[in-house]
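So the structure is just underneath, and the comments pick up after that.
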Amino acid sequence: MKKMLACILALTLALCLAGAACAEGYKVALVNYSVGNSWRAQMVAEFEAEAKRLQEEGVISEYYITNSNDDISKEISDVEDMITKGVDAIVITAASPTALAPAVEEATEAGIKVVSFDNVVDTDMQVATVGIDEKEFGRINAEFLVEALDGKGKIIVLNGTAGTTTDSLRWEGAEEVFAQYPEIEILGSANADWDYAKGKAAVESMLSAYPEIDGVWSQGGAMTQGAIDAFIAAGRPLVPMSGEGNNGMIRAWVENRDNGLSCIAPSNPTYTSAEALRVVIKALNGEEVPSNVVMEMEVVTEENVDEYYRADMPDSYWVLTQLDDEALAELYAD
């Protein structure tokens, strides 16, 4: 019995030393490049809710949240500031997968556990990356459109923010599908930053340029809702469109099903940030975690769309969330 107790005490001490903050809780940080759309704002709220929960449990003592407003240099500086503050862990969503790599490597060399998520960092010197399979996201949307058009037709493309990992991987997945169907003609494309207004404006321009558009491949965000509204305003027949689990897009989809609109919406949950925090806490506790944590990707379809749509929530709400109604009401208060 004494030997067993000694072993338990030794293991506990080792875990404490490995975590460097066992008694007082860990100091953690979210280094974020943007809150420029509602997905990102809800994502930050998901991190904060999980951080507060862990703080109440004594797992973490402090947490920091930064936002670089799409400024790569500022985000690098934010990482360096967290190193100076002596945090135990950083979860990061990066404005550039390559430009942020040296800063992440510097943090790792300083003994900080780093996990990247959403727009991940291109380096092996981090604990893990966390997120959905973004290439699969793009493939799902492309396969839906190909099937809806029987393998031929003229389409337009709405991509996200140029240079980000998410944008690149989603389009890479789509291209692999479209390459198999030579009768799918891509008329034009635009980077609309997953934004409603930019998506609508881009589609308005393409509607003016192209008298025949048979489908819209959109990376999602609120761009698809903008595309739907642009088609309606132009008096053009609604065509199959891909999207994402944004409540506004889903609202437009539900309201126009009887007008011939068909859609699909694979979804990147806003609680990816909270999952990244949980993963980095495991690493701090000495647990082994895989270098690539792939989250399950739920897909909103014609068959289940009514299960996800919330008429009581604004268009900016994202349907895959772990926030309770009280937190959502505070986040989306007028």
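The values are calculated or read from the model by the stated rules, or taken from the named source; none is laboratory data. The shown structure was predicted, so the numbers you read here are calculated from the model rather than taken from an experiment. So basically every Cβ, Gly included, is an ideal-geometry build from the backbone, and we count neighbours across all protein chains shown. We work out accessible area using only protein heavy atoms, side chains counted, and drop any ligands, DNA or RNA first. Shrake-Rupley method; radii C 1.70, N 1.55, O 1.52, S 1.80 Å.
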Residue-level accessible surface for ARG310, protein heavy atoms, 1.4 Å, Å²:
60
Give the long-range amide H neighbours of GLY153: residues separated by 5 or more places, or on another chain, with amide H under 5 Å away, using H modelled in the peptide plane at 1.01 Å from N.
ILE184, GLU185
Principal-axis tilt of helix 223-233 within the chain, Cα atoms, nearest 10 degrees
20
Residues with amide H under 5 Å from that of ILE92, placed H, sequence gap 5 or more:
VAL31, VAL115, SER116, PHE117
Here the net charge surrounding GLY36, from other residues whose Cβ is less than 11 Å away from its Cβ (Lys, Arg +1; Asp, Glu -1), is -1
Give, in nm to one decimal, the length gained when the segment between ARG257 and GLU106 is fully stretched (0.36 nm per residue of separation minus the Cα-Cα distance).
49.2 nm
Using Cα atoms only, what is the angle between the long axis of helix 196-209 and the major principal axis of the chain, expressed in degrees (0 to 90) to the nearest 10?
30
Taking a ≥ b ≥ c as the square roots of the Cα gyration tensor eigenvalues, with a/c under 1.5 meaning rounded and otherwise prolate when a/b beats b/c or oblate if not, the range 154-211 comes out oblate
Non-local residues with an amide H under 5 Å from the amide H of GLY188, with H modelled 1.01 Å from N and Pro and chain starts lacking one, are VAL157
For the chain, longest principal axis from Cα atoms; helix 38-56 axis from its Cα atoms; angle between them, nearest 10 degrees, is 20
Cross-link reach list, lysines versus LYS113, counting only Cα pairs under 27 Å and skipping chain neighbours closer than eight places
LYS27, LYS52, LYS74, LYS85, LYS135, LYS282
Out of all DSSP beta bridges in the chain, what portion is antiparallel? Express it as a percent rounded to 5.
10
Ignoring the sites themselves, what is the longest stretch of the chain with no GluC sites (Glu not before Pro) in a DSSP loop and at most 13 other beta-carbon atoms within 10 Å?
58-182
Ordering ILE186, ILE140 by the accessible surface of their heavy atoms, 1.4 Å probe, largest first, yields ILE186, ILE140
